[in-house]
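Read-outs throughout are calculated quantities, based only on the coordinates presented, and are distinct from any laboratory measurement. Since the model is a prediction, treat every value here as computed from it, not as a measurement. Quick reminder, even Gly has a Cβ in these numbers, built from the backbone with ideal geometry, and neighbours come from all protein chains shown.
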Amino acid sequence: MSNETLPATAPKQNRLKVAIDYGPIIAFGATFFLVPVLGIAPRSEALIWASGVLAVTSVIAVILGLLLEKRIAWMPLIAAVLGIPFAILTVVFKDPVFVKLKMTIVNVLIGGGLLIALGFGKNPFKSLLGSSLQLKDAAWPRLTVYYALFYLLMGVANEFIWRTQSDEVWVSWKMGSLIGGPILLTIALIPFLMKNMIPPETETPQDS
């Protein structure tokens, strides 16, 4: 019976993981676009409401990850730790510039942190993924650089977009980059990963 239930439970677990990881950013976008439509607040205050919702749902997502999946949901955790102070600033001063700056700061911290760790001879990705992703030793520093440059580029792009575009465009960019950005980067890195993958050891038959 256990073999019959495994295929059914795996997709359910994947859906739960996606809901926990991406639920807060989806709630953020939905709040921004629905608040003025539902007449809760004017469009000028929608981003303030959305930043508060993002902080609250991020905390909820972290708790659900611990309770339901027995894991730390890193994306919501980072959003909660850095998002709550910026959300408070946004609400107190009624200025959405704080929540826009947060995305730049987070991206720069991640990208810069990866490069700094690499400079000290550390391989953070190997520490996190080494048990599930078997790569040649020389590939881990390059993978770290690729991800660091990606996050730094996202920080630069965020600065350009929020300073030159409307709130609607920026919110759409934020949702698309947080959800689709890492997926597109992973797809782009598939040739590199396949080239540097360590093949599993082939089992030789035992002589009887």
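Before moving on, here are some points about what is shown:
- Intensity falloff of the chain expressed as log10 I(q)/I(0), Debye formula with alpha-carbon point scatterers, at q = 0.18 Å⁻¹: -1.35
- Backbone geometry of the range 170-180 corresponds, through the Karplus equation with coefficients 6.51, -1.76 and 1.60 at θ = phi - 60°, to 3J(HN,Hα) couplings of 5, 4, 4, 4, 4, 5, x, 6, 6, 8, x Hz, x marking Gly and Pro.
- Rel. contact order, % - alpha carbon contacts under 8 angstrom, at least six apart, the chain: 17
- In this structure the amide hydrogen of Leu135, modeled in the peptide plane, comes within under 5 Å of the amide hydrogens of Ile198, none closer than 5 places in sequence on its chain.
- By the count of other C-beta atoms within 10 Å, a proxy for reagent exposure, Leu16, Leu152 are ordered fewest to most as Leu16, Leu152.
- Per-residue Cβ neighbour rank within 10 angstrom, fewest leading, Phe86, Phe32: Phe86, Phe32
- The Cβ shell under 15 Å around Asn196 holds other residues with a net charge of +3, Lys and Arg each +1, Asp and Glu each -1.
- J(HN,Hα) series, the range 111-121, from Karplus relation 6.51 cos²θ - 1.76 cosθ + 1.60, nearest Hz, glycine and proline x: x, x, x, 5, 5, 5, 4, 5, x, 8, x
- Local electrostatic count, Leu64, Cβ distance below 14 Å [Lys/Arg +1, Asp/Glu -1]: +2
- Residue list for the range 147-176, given a label point 7 angstrom along the Cα-to-Cβ vector of Leu115 and an amide N cut-off under 18 Å: 147-160
- Dividing the helix sum by the residues of the chain, where each DSSP H run of 4 or more adds -39500 (n - 2.57), gives a mean residue ellipticity at 222 nm of -27000 deg cm²/dmol.
- Taking Tyr146, Tyr151 and counting other C-beta atoms within 10 Å, the order from fewest to most: Tyr146, Tyr151
- The C-alpha atoms of the chain define a longest principal axis, and helix 139-164 lies at about 10 degrees to it.
- Estimated inter-spin distance, Leu128 and Ile190, nm [label 7 Å along Cα→Cβ]: 2.2
- Net charge contributed by nearby residues that have their C-beta within less than 13 Å of Glu159 (K/R +1, D/E -1): +4
- Ranked by the mean number of other Cβ atoms within 10 Å of their residues, highest first, the peptides 183-195, 115-127, 48-60 fall in the order 48-60, 115-127, 183-195.
- Between helix 2-37 and the chain there is an angle of about 20 degrees, using the helix long axis and the longest principal axis of the Cα atoms.
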